[in-house]
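Notes to accompany the following structure.
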Amino acid sequence: MWLKIVTLVCIISEIGSLLYPLVRDNQVYNYVPPENDVEFNLYHRDDLEVSDRIYVEDGSSLNKSRFDAYLPTKIIIHGWTHGDNVPWMIEMREALAQSGTCNVFVVDWSNLSHVTYIEARIHNTVVAKQLTKLLLLLAYHRGISMSSIHLIGHSMGGQISANVGMRIKNQLGQKIGRITGLDPAAPLYEWPHIESLDEILDPTDASFVDVIHTNARHLGMVTPAGHVDYYPNGGDRQEGCIFWICDHIRACEYFIASIRKPDLFNAFSYKDLNEYARGRESQLESYPMGINANPEIPFGIYYVKVDDTYKQYVESKTTLSDSYGLNIYHE
């Protein structure tokens with residue numbers, strides 16, 4: 001029984017990548033999805049259940065919204081098969097909005113993500129174009145500097161952020177302030193070959209790029225992609241996970257936990273890993289992972305030991321059912 005379940009999940013998780021050389025016809029490549037399939041919703045702590053829909057071609061929708069030009073802006077972008085209603089997206093936007101310290105946008109491209117992996121990969125371009133239009137709207141209608149923008153992207157969302165960073169540099173001559181990649185997608189980006197840097201996350205995409213790797217070499221990138229790259233528990237497999245998708249989503253859960261307890265995670269430079277292994281942790285300099293990551297952290301690669309403590313700060317659980325319609329999850 002378990003063998004059948006494992007086989008089924010592996011097939012579902014990997015099918016988009018395995019079919020990469022077998023894309024049907026040129027129909028997929030020639031298809032341009034409607035731009036209104038990408039939605040932008042602004043959330044405010046006054047009412048977390050109701051969002052303000054922002055239309056990138058209509059400046060009045062921004063003017064009528066609860067957007068506060070005096071606050072920095074955080075924008076959450078999901079990946080393949082997800083949408084704005086999956087548990088981690090709901091909890092992350094609410095945790096950020098409740099802080100009252102920022103504007104919180106959610107990019108909902110679920111109409112374009114609930115397709116085969118290769119199609120979703122191709123749809124990245126239209127999502128990036130539309131998100132760029134949103135940022136231009138903020139810049140032109142409300143005078144927002146791109147330095148106040150923080151993109152938070154999981155999986156494909158992390159790679160979409162990279163494309164947006166490139167477009168903003170080209171169109172505004174500014175850099176986005178920060179991009180956080182939550183286990184940025186690897187299939188069709190990092191393997192079977194490395195894609196163009198215009199489409200894959202790297203340190204040039206924002207003034208500060210931080211990346212949390214939780215399923216490296218599989219669904220997530222193993223290659224360092226930021227100024228600061230964190231590899232919790234080695235970055236490959238996470239405690240309590242059987243399936244790759246569990247490891248992959250864990251990056252989102254770690255980030256949510258850090259919003260509620262910014263000093264929860266202590267990261268140590270891989271240069272000091274031998275000293276850490278010898279139990280000399282107290283003698284080493286540690287740095288925050290998650291919401292409090294910042295440009296003052298020396299650029300490089302960091303190791304973070306994560307145990308079950310983080311679960312005290314995460315209320316929801318995103319399951320395989322949320323991603324693939326399978327009600328299987330390992331605690």
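We did not get these values from a lab; they are worked out from the coordinates using the rules stated. This is a predicted model, so every value here is computed, not measured. No Cβ is skipped: glycine too gets one built from the backbone with ideal geometry, and neighbour counts run over all protein chains shown.
Structure values in brief
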read-out: Loop-exposed trypsin sites (Lys or Arg not before Pro) per DSSP, neighbour cap 12 Cβ within 10 angstrom, longest uninterrupted part of the chain; value: 65-277
read-out: Amide hydrogen neighbours beyond the local backbone of Ile144, cut-off 5 Å, H modeled; value: Ala139
read-out: Table column - 3J(HN,Hα) (Hz), region 143-158, Karplus curve with 6.51, -1.76, 1.60, x for Gly and Pro; value: x, 7, 7, 5, 5, 8, 9, 10, 8, 10, x, 9, 6, 4, x, x
read-out: Share of Cα-Cα pairs in region 31-116 lying beyond 17 Å, as whole percent; value: 48
read-out: Across Lys129/Lys317; Lys64/Lys317; Lys74/Lys129; Lys74/Lys175; Lys175/Lys261, pairs whose alpha-carbon gap is larger than 23 Å; value: Lys129/Lys317; Lys64/Lys317; Lys175/Lys261
read-out: Gaussian network model of the chain, springs between alpha carbon atoms under 10 Å - residue of Ser282, Ser60, Ser99 with greatest fluctuation; value: Ser282
read-out: Listed residue (Val126, Leu182, Val211) projecting farthest to the positive dipole end of region 115-215, Cβ model; value: Val126
read-out: Length-normalised contact order of the chain in % [C-alpha pairs under 8 Å, at least 6 apart]; value: 14
read-out: Net charge, Val106 excluded, C-beta distance under 9 Å - Lys, Arg +1, Asp, Glu -1; value: -2
read-out: Student exercise, region 101-182 dipole from Lys, Arg, Asp, Glu Cβ charges, in Debye to nearest 20; value: 300
read-out: Region 238-253 - phi-based ³J(HN,Hα) in whole Hz, Karplus 6.51/-1.76/1.60, Gly and Pro as x; value: 10, 4, x, 9, 9, 9, 4, 5, 5, 4, 5, 6, 4, 4, 5, 5
read-out: Fraction of beta bridges assigned by DSSP in region 218-331 that are antiparallel (%, nearest 5); value: 50
read-out: Residue with peak Gaussian network fluctuation, the chain [Cα springs, cutoff 10 Å], from Ala69, Ala293, Ala97; value: Ala69
read-out: Gyration tensor over alpha-carbon atoms, region 88-199, equivalent ellipsoid semi-axes in Å; value: 23, 18, 13
read-out: Cross-link partners of Lys271 among aspartates and glutamates (Cα-Cα below 16 Å; sequence separation of 8 or more within a chain); value: Asp229, Glu281, Glu285
read-out: Calculated from backbone phi, Karplus (6.51, -1.76, 1.60) coupling profile of region 211-222 in Hz, x at Gly/Pro; value: 9, 10, 9, 10, 9, 4, 6, 10, 7, x, 5, 9
read-out: Rg in Å to one decimal, and Dmax rounded to a whole Å, for region 208-331 via C-alpha atoms; value: 14.5, 47
read-out: Rounded to the nearest 20 debye, dipole of the chain from Cβ charges on Lys, Arg, Asp, Glu; value: 300
